[in-house]
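Engineer: Please read through the structure below; I'll follow up with questions.
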Amino acid sequence: MLQRTIPIAILSISGIVLVLAYFSPFTQSWGEQAVDWFNIIAGIAYILGGGNLLRVNLEKISAQRPGWAYAAITVAAFVAMLGFGLLKLGAVPSEKYPDVHFAGDYESNSAPYGWMYWNVISPLGATMFAMLAFYVASAAFRAFRAKNLESVLLLGTAFIVLLSATAAGAYLTGWIPADSAVGFMRAERLRTMITEVVQTAGMRAIGIGIAIGVVALSVRLILGIDRSYLSKDGGAA
Amino acid sequence: MSEPLLVRLGRIDRRWIFLAMALSIIVPMLLKVRFPEIPQPMARATFEAIERVPEGSRVLIAFDYDPASQGELQPMANAIVHHCASRGHKMVFMTLWPFGGPLAERTIDDILLAYHPGYKYGIDYAELGFQPGNEGVVKLMSTNIPKQFPTDKRGTPLAQVPLLADLADTTGFKLVVSISAGYPGAKEWVQYANGPAPEAFTFVSGTTGVQAAQLLPYYPAQMEGMLLAVKGAAEYETIVEEKYPPPQHPERIGDGRVRMGPQLVAHVLMIVLIVLGNLSMAAGRTRGGMR
Amino acid sequence: MIDRRIQVRRGVEAVLAAGIPAAGILASASAAFAQGDAAVASAAAEKDAWIDPARVPLLVALIVACGLIVAAIALARSGVPLKIRKLAALDAVDEAVGRATEMGRSVLFVPGIQDMNDVQTVAGITVLGPVAKTAAEYDARLEVPTSRSLVMVAARETVQAAHFAAGRPETYNEGNITYITDEQFAYVSAVVGRMVREKPAACFYMGAFYAESLLFAENGNSIGAIQIAGTAEPSQLPFFVAACDYTLIGEEFFAASAYLSGERDQLGSIKGQDFVKLAVAGVILAGVALATVAAVAPDGGAASLFRSFQSALGG
């Protein structure tokens, strides 16, 4: 029973205290303290995560399972970045403290860490992000079908927003006088109306629903009603 | 009886779509296709908001993005830094993202010091660097910057940096700019810095297109200006370049407009694909009905 | 067997018991601000107040919201029948896991890319419990690659608890729950690579996602997996809706663990969410009406009431 009661008590007490602390000028900093404590715990948890990463990949290499070469690359990259970053190997000496190794700038372009950042991490990250362009195209081709009234409205909106996000919209509707009765048909006006009125209204409604959902989940957790996160003997799963 | 082409097109291998998309981006890039940009109200509002800040003011520029979003956000970052420097503002750079620091460094080197070589570190600009803690950093900065950043990025105590010596909290800035790719970013600045002291400073942001829906409710009440994606960057570049032409390397604040060429072709391709998909669906239904 | 009328009466009494004091607090706080209560104003200036006056409206709203949810839980406990609308995404969990078992393939669960201090990650972990229990019952292999070390630890606890609850403790394998990396796109490329190589039959995306949402969803689509997503990131919802078979939108995601548990208390909290939504809708309608009247007749009583509420809420 203690295995269940103590975690619920910790969660309940800390949840209630931190929520109420927000409203008193004397205790408003408690929330920031809690964030600091969390950051410390998360920082130490990196050791767990890093250890798990190494263990899983080293096991894969030693067992020569399919794809073990990728595991070797992972381990090599992990050790290299850790070494050059944590130990500041090859860092550019500091102007103010040239004799102090750990005062060096490891992010500089001429340091190994900085070089790997600009020539490996940066292009790889940008490449992955750029892949979204291809996936958006294939998703649009597959999913944007006019099956009913709602999807027709969605399609029309998509066309307007896509065109008005480029010079094509200005070219196609730029001839409409801005001050006329049909001035609202200009691409940029339609886009503004869609994004600032229709889309914003929808987002606000979703945002309100999300906020209420968060409160409900928090009440369930603080009252100990939802215990699915607990370990064996305590979980309600 | 074999299926009509239109019906078969509906089941096209996605790799052909990927190839079409790749060509629609590469070809305009190589041909350097550019289109005139007509600045829209939001870009103008951003420009005017920065113009209204008195010359020589201390401003904070937060590079809240990483290399993955560099393509979309670097053009507006460059233009904003050039605009602020042209107004003689004293700039303080920081980031909430671990990989944002080098991006700020590169912008300082490529834009600030290249266009405005008179800028001196510690007097005209300074770097606070990165601190972990996401919105916790913003919350603490709104009350006590020296506690959050005891030293600047170079390890010098804030009290020894002339530009930062008297900096207590975010109200010490006349303008705060967040160039934001997600969390933490513009929303956190609105909630935790601008919210408690809405009249203390002007707040503008530059964001990715996908974040627009989330941030538009804050414009213009909490955010006086907002640049949305590459389109916003291109429009803003147009306005900035017109009033403050760069002394050299003009291409460094022209990337936004360069990227609009491929964006137009890609968007037209997407419209063509959507129309094709629907025609294929209609043809398939018609064929099924005829059976 | 309790008479239905008595059940309803008890339920109404529970709602009123929570609602009346909350409404009273709301009314008195509003009156205080409307009258420019000197005590409140001076307390703000002196900074000796126990409660920050600027945050009183939020405190009142919180008390009302929590009160309504607790009242709904009490209503559920009293035996009043609750009507909760069907959530197709959650009804499909059994189907998805069963499909994976039939095909001899794994189930992939991605709990988002944020840490345990994000409420969406907490919600994702609470959904992981029932999904892991279903997977254990069906003897399907569940893989949970995580982006944060603490999430890995929490996920392991949850999945282990689920295996015990399903009576299959021997099938729990902590090697199926691994930490990849904190870096967003490095994580997504590792997971997507795993998806393409191992071809899970069912993919669950439950948590906080950003740009990688479409990468997950499109790759899952390309391998023919059944995909169920849930997130409270409004900007990513369209991508999941377009590419996944089922999507939990916003508040549905936070109600998911309660819905899957089937427990009366938890279902009551979902009903409480609905009560709060009704209250918010009522406040919005009242505010719109007041604002409209204030715009038409700026010198009238409605206009001054509207301005009072605006200043009370910090507007």
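Engineer: When the Karplus curve 6.51 cos²θ - 1.76 cosθ + 1.60 is applied with θ = phi - 60°, which whole-Hz ³J(HN,Hα) does each residue of segment C:246-252 get, with x for Gly and Pro?
Structural biologist: Each residue's phi maps through the Karplus curve to give 9, 9, 9, 9, x, 5, 4 Hz.
Engineer: Among A:G67, A:G213, A:G31, which one shows the highest mean-square fluctuation when chain A is modelled as a Gaussian network with alpha-carbon springs under 10 Å?
Structural biologist: Looking only at A:G67, A:G213, A:G31, the largest GNM fluctuation is found for A:G67.
Engineer: How large is the helix-only mean residue ellipticity at 222 nm for chain B, computed as the sum of -39500 (n - 2.57) over DSSP H runs with n ≥ 4, divided by its residue count, in deg cm²/dmol to the nearest 500? Write out the running numbers ahead of the final one.
Structural biologist: Values: 11 runs with 129 residues, N = 291.
Computed mean residue ellipticity for chain B: -13500 deg cm²/dmol.
Engineer: A further question on this structure: Report the Rg/Rh value for segment C:89-195, based on alpha-carbon coordinates and the Kirkwood definition of Rh.
Structural biologist: On the way: Rg = 13.2 Å, Rh = 13.8 Å.
Ratio of gyration radius to Kirkwood radius: 0.95.
Engineer: On the first, second and third principal axes, largest extent first, how far apart are the outermost C-alpha atoms of segment A:1-81 in Å?
Structural biologist: 58, 36, 15
Engineer: Another question, then. What is the log10 of I(q)/I(0) for chain A, computed with the Debye formula using one identical point scatterer on each Cα and no solvent, at q = 0.10, 0.15 Å⁻¹?
Structural biologist: Log-scaled intensity ratios, in q order: -1.06, -1.12.
Engineer: While we're looking at this one, here's another question. How big is segment B:41-253 by Rg and Dmax over its Cα atoms, in Å?
Structural biologist: 15.3, 42
Engineer: Considering the options C:S308, A:A63, A:T74, tell which one lies farthest towards the positive end of the dipole of the protein assembly as shown, charges being +1 on Lys and Arg and -1 on Asp and Glu at the Cβ, about the Cα centre.
Structural biologist: A:A63
Engineer: Alpha carbons only, please: Rg and Dmax for the protein assembly as shown, in angstrom.
Structural biologist: Computed over the Cα atoms of the protein assembly as shown, radius of gyration and Dmax are 28.0, 87 Å.
Engineer: Whole-Hz Karplus ³J(HN,Hα) for segment B:198-209, in order, using 6.51 cos²θ - 1.76 cosθ + 1.60 and θ = phi - 60°, x for Gly and Pro?
Structural biologist: So the Karplus estimates, Gly and Pro as x, are x, 9, 6, 8, 7, 10, 10, 9, x, 9, 6, x Hz.
Engineer: For a 32 Å ceiling on Cα separation, which of these pairs sit above it: A:K147/C:K199; C:K199/C:K277; B:K231/C:K271; B:K32/B:K120?
Structural biologist: Details: A:K147/C:K199 30 Å; C:K199/C:K277 40 Å; B:K231/C:K271 44 Å; B:K32/B:K120 36 Å.
Pairs exceeding 32 Å: C:K199/C:K277; B:K231/C:K271; B:K32/B:K120.
Engineer: Counting only other residues whose beta carbon sits under 14 Å from that of C:L248, what net charge do I get with K and R as +1, D and E as -1?
Structural biologist: On the way: positive: C:R85, C:K86; negative: C:D91, C:E233, C:D245, C:E251, C:E252.
That sum, taken over residues with Cβ under 14 Å, equals -3.
Engineer: Right, another one. Using the count of nearby Cβ atoms within 10 Å as a rough guide to exposure, how do A:D226, B:D64, C:D139, C:D265 rank from fewest to most?
Structural biologist: Working: A:D226 26, B:D64 29, C:D139 11, C:D265 19.
Ordered by Cβ neighbours within 10 Å, fewest first: C:D139, C:D265, A:D226, B:D64.
Engineer: Another question about this same structure. Along the charge dipole of chain B, pointing to its positive end and built from +1/-1 on Cβ of Lys, Arg, Asp and Glu, which listed residue (B:Q222, B:A168, B:P247) has its Cα farthest out?
Structural biologist: B:Q222
Engineer: Still on this model: Name the long-range amide H neighbours of B:R58: under 5 Å, sequence gap of 5 or more, or other chain; modelled H, no Pro or chain starts.
Structural biologist: Here the answer is B:K90, B:K174, since their amide H atoms fall under 5 Å of that of B:R58.
Engineer: If you take the beta carbon distance between C:R85 and A:I176 as r and set R0 to 51 Å, what does 1/(1 + (r/R0)^6) give as a FRET efficiency, to the nearest 0.05? Write out the running numbers ahead of the final one.
Structural biologist: On the way: r = 44 Å, r/R0 = 0.87.
Approximately 0.70, to the nearest 0.05.
Engineer: Separate question: Can you check what the net charge comes to around C:Y210, using other residues whose Cβ is under 12 Å from the Cβ of C:Y210 (Lys, Arg +1; Asp, Glu -1)?
Structural biologist: Details: positive: none; negative: B:D66, C:D118, C:E212, C:E233.
Spelling it out: positives minus negatives among the neighbours equals -4.
Engineer: Also: Based on the Cα atoms of segment C:218-260, what semi-axes does the equivalent ellipsoid have, where each is the square root of 5 times one gyration tensor eigenvalue, given in whole Å with the largest first?
Structural biologist: 20, 13, 6
Engineer: Can you give me the P(r) profile for segment A:144-231? Cα pairs, bins 10 angstrom wide beginning at 0, each as a whole percent.
Structural biologist: Pair shares across the bins are 15, 27, 23, 14, 13, 7, 1.
Any read-out appearing in this document is the output of simple, stated calculations on the displayed coordinates, not a laboratory observation. Quantities reported herein were computed from a predicted structural model and do not represent experimental measurements. Cβ sites come from the backbone with ideal geometry, for glycine too, and all protein chains shown count toward neighbours.
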